[in-house]
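First up is the structure itself, then whatever we jot down about it.
Please treat every number below as a calculation from the coordinates, not as lab data. Keep in mind the model is a prediction, meaning the values are calculated, not measured. In this analysis, Cβ positions are derived from the backbone assuming ideal geometry, glycine residues included, and neighbour counts consider all displayed protein chains.
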Amino acid sequence: MNAAKVKAELTRLHNLLRKYSHRWCVEVNGERQEPSQRMYDWVDQYNALTDSVYFKEWCEENDLVSHDAYDVLA
């Protein structure tokens with residue numbers, strides 16, 4: 001993948017994780033509900049892209065420090 005595609009995917013996943021972070025480890029009627037498989041896939045993809053050579057550059061462009069998907073969900 002080239003730099004533009006990696007950065008675009010990082011942005012897309014970052015936005016999705018932030019938007020739906022309230023659904024990570026949610027409780028309904030006192031019972032813990034698991035996140036959807038889609039959310040697990042987003043986390044896995046995001047964390048895989050953090051190993052990219054473009055990740056640090058993307059973080060700097062977006063005023064972010066180095067992190068992983070779980071930091072975004074927190």
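Residue 19 sits among other residues whose Cβ lies under 13 Å from its own Cβ, and their net charge, with Lys and Arg +1 and Asp and Glu -1, is +4.
If a spin label sat at a point 7 angstrom from the Cα of residue 26 along the line to its beta carbon, no backbone N atom of the stretch 42-69 would be nearer than 15 Å.
Taking Cα pairs under 8 Å and at least six residues apart, what relative contact order does the chain come out at, in percent?
Relative contact order here is 40 percent.
Calculate the dipole size of the chain relative to its Cα centre from +1 charges on Lys and Arg beta carbons and -1 charges on Asp and Glu beta carbons; express the result in debye to the nearest 20.
Numbers: 9 positive and 13 negative charges, 57 e Å.
The calculation lands at about 280 debye.
Net charge in the neighbourhood of residue 74 (other residues with Cβ under 13 Å of its Cβ; Lys, Arg +1, Asp, Glu -1) is -1.
Considering only 69, 20, 53, the residue lying farthest towards the positive end of the dipole of the stretch 3-73 is 20, judged by Cα position with unit charges set on Cβ.
What number comes out for the charge environment of residue 55, summing +1 per Lys or Arg and -1 per Asp or Glu over other residues with Cβ under 12 Å away?
Numbers: positive: 7, 56; negative: 9, 51, 57, 60, 61, 68.
With Lys, Arg at +1 and Asp, Glu at -1, the neighbours total -4.
Once the Cα atoms are used to define both axes, helix 3-19 deviates from the longest principal axis of the chain by about 20 degrees. Going by the alpha-carbon gyration tensor, a ≥ b ≥ c the square roots of its eigenvalues, is the chain rounded (a/c under 1.5) or, if a/c is not under 1.5, prolate (a/b greater than b/c) versus oblate? Because a/c hits 1.5 or more and a/b exceeds b/c, the chain counts as prolate. A full extension of the chain between residue 38 and residue 63 corresponds to an added length of 6.3 nm, given 0.36 nm per residue minus the alpha carbon distance.
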